[in-house]
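Inspection log for the structure reproduced underneath, given as structure tokens.
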Amino acid sequence: MSTIWMNQLSWVDYEARVSQDQPPIFLPVGALEQHGPHLPLGTDGLLSAAVAADTATLVGGLVAPTLSYGYKSQPKCGGGQHFCGTTSVDAATLIGSVRDAVREFARHGVTKLVIVNGHYENQWFLIEGIDLGLRDLGRDAKLQVMRLEYWDFLTEDTLKSVFPDGFPGFALEHAAVIETSMMLHYHPSLVRTDLIPDEPPADFPPYDVYPTKKHWVPLSGVLSSARGSTAEKGKVMALELGQRMAAAVTEAFE
Ligand code: ZN
Ligand code: MN
């Protein structure tokens, strides 16, 4: 009964945990999206689940199975929808999944739900799902929902040490140093270090055009170089994320 993974518990053990300890339930959200030739399609969900698990361990929480399909990949932060393997859902589908999750966890008696996002494009649709779910439950509901993008918990000091030549920003960090280093820490066997491309950061204009322009996006799908990635950097970031997210969860539900 010491597992943090909800899907490994029986309903009887899960009910006991929820009613006795009121554990925060972590719901990781990801995407099935190209991450260059060197990282797996499921990187966003693998990383959000990994940081959720580290955080849950620190605060006595449980981790629910990941919502593994995300909102449509955009050229400037995920490369776009034209890559083979990128498999996305309409906004309404993602909103509906989150709304359903909010309703179901509330029905279980859960009072603290933490939605851990690992895919940039999901943000507003998670907010909408939470809002509609809480509206369904009504004013007397005891469930509180916290929502976060895990990368926002990295400190300036850490970003400076991970990017000695300057941080390109989180949008261009797609399949680059942060995600590659964290995958080298959590899932080293899934990283093809021999295939890491070394291209300068993509240079996008300050507007979007639809249908999207494929030629704006590097052929590799990587938006800035992943060359400086190391497992050590991944470990430093993972430790910081777990600790700072745990503190935030404790503070938010005080
Ligand atoms: Zn990603
Ligand atoms: Mn993504």
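Please give the calculated 222 nm ellipticity per residue for the chain, where each DSSP H segment of at least 4 residues contributes -39500 (n - 2.57) and the sum is spread over every residue; nearest 500 deg cm²/dmol?
-13000 deg cm²/dmol, from helical runs alone.
Summing Lys, Arg as +1 and Asp, Glu as -1, what charge do residues with Cβ under 11 Å from the Cβ of Q74 carry, Q74 excluded?
Combined, the nearby Lys, Arg, Asp and Glu give -1.
If you build a Gaussian network model of the chain, linking Cα atoms that sit under 10 Å apart, which residue out of Q34, Q81, Q20 swings the most?
Q20
Give me the net charge for the shell around E149: Cβ to Cβ below 14 angstrom, other residues only, Lys and Arg +1, Asp and Glu -1.
Charge balance in the 14 Å sphere: -3.
Using a 1.4 Å probe on the protein heavy atoms, what percent of the accessible area of the chain belongs to carbon and sulfur?
53
If R₀ is 25 angstrom, what is the calculated FRET efficiency for the pair L137 and F170, using the beta carbon separation as r and rounding to 0.05?
That pair, L137 with F170, gives E of 0.20.
Can you count the Lys pairs in the chain whose Cα atoms are under 12 Å apart, with each pair 8 or more apart or on different chains?
Within the chain, the lysine pair count is 4.
Quick one: Karplus J couplings for segment 191-197, per residue in order, coefficients 6.51, -1.76, 1.60, θ = phi - 60°, nearest Hz, x for Gly and Pro?
Couplings: 9, 9, 4, 5, 10, 5, x Hz.
Length gain on complete extension for the stretch R107 to L58, per 0.36 nm per residue less the alpha carbon to alpha carbon distance?
Length gained, R107 through L58: 15.1 nm.
Tell me the angle of helix 231-252 to the major Cα principal axis of the chain, expressed in degrees between 0 and 90 and rounded to the nearest ten.
40
Rounded to a whole number of µm²/s, how large is the Stokes-Einstein D of the chain at 4 °C and 1.567 mPa s, given Rh as the Kirkwood radius over C-alpha pairs?
Here the translational diffusion coefficient equals 69 µm²/s.
So if I take the centroid of the Cα atoms in segment 1-61 and the same for segment 108-158, what is the distance between those two points in Å?
Measuring centre to centre over Cα atoms gives 14 Å.
To the nearest 10 square angstrom, how much accessible area does S2 have with a 1.4 angstrom probe?
Spelled out: S2, probe radius 1.4 Å, area about 110 Å².
Test of understanding: what is the full-extension gain from K235 to V12, defined as 0.36 nm times their sequence separation minus their Cα-Cα distance?
Result for the pair: 76.7 nm of gain on full extension.
Dipole of segment 17-120, Cα-centred, from +1 at each Lys and Arg C-beta and -1 at each Asp and Glu C-beta, to the nearest 20 debye?
Dipole about the Cα centre, nearest 20: 200 debye.
Quick check for you: with a 1.4 Å probe and neighbouring chains kept, what is the accessible area per residue of segment 150-254, in Å²?
On a per-residue basis, 55 Å².
Test of understanding: what is the full-extension gain from D90 to D152, defined as 0.36 nm times their sequence separation minus their Cα-Cα distance?
Full extension of this stretch gives 19.8 nm more.
Between segment 213-241 and segment 168-192, how many Å separate their Cα centres?
4
Mean-square fluctuation check for the chain, GNM, Cα pairs under 10 Å: which of D194, D44, D100 is largest?
Per the Cα network of the chain with a 10 Å cutoff, D194 tops the list.
Please list, in order along segment 59-76, the HN-Hα scalar couplings obtained from phi with the Karplus expression 6.51 cos²θ - 1.76 cosθ + 1.60 (θ = phi - 60°), rounded to whole Hz, x for Gly and Pro.
Per residue, the Karplus-derived 3J(HN,Hα) values read 10, x, x, 10, 10, 7, x, 5, 6, 9, 10, x, 5, 3, 4, 9, x, 7 Hz.
The values are calculated or read from the model by the stated rules, or taken from the named source; none is laboratory data. Computed from a predicted structure; not experimentally measured. So basically every Cβ, Gly included, is an ideal-geometry build from the backbone, and we count neighbours across all protein chains shown. The accessibility values were calculated without ligands, DNA or RNA, using every heavy atom of the protein model including side chains. Shrake-Rupley method; radii C 1.70, N 1.55, O 1.52, S 1.80 Å.
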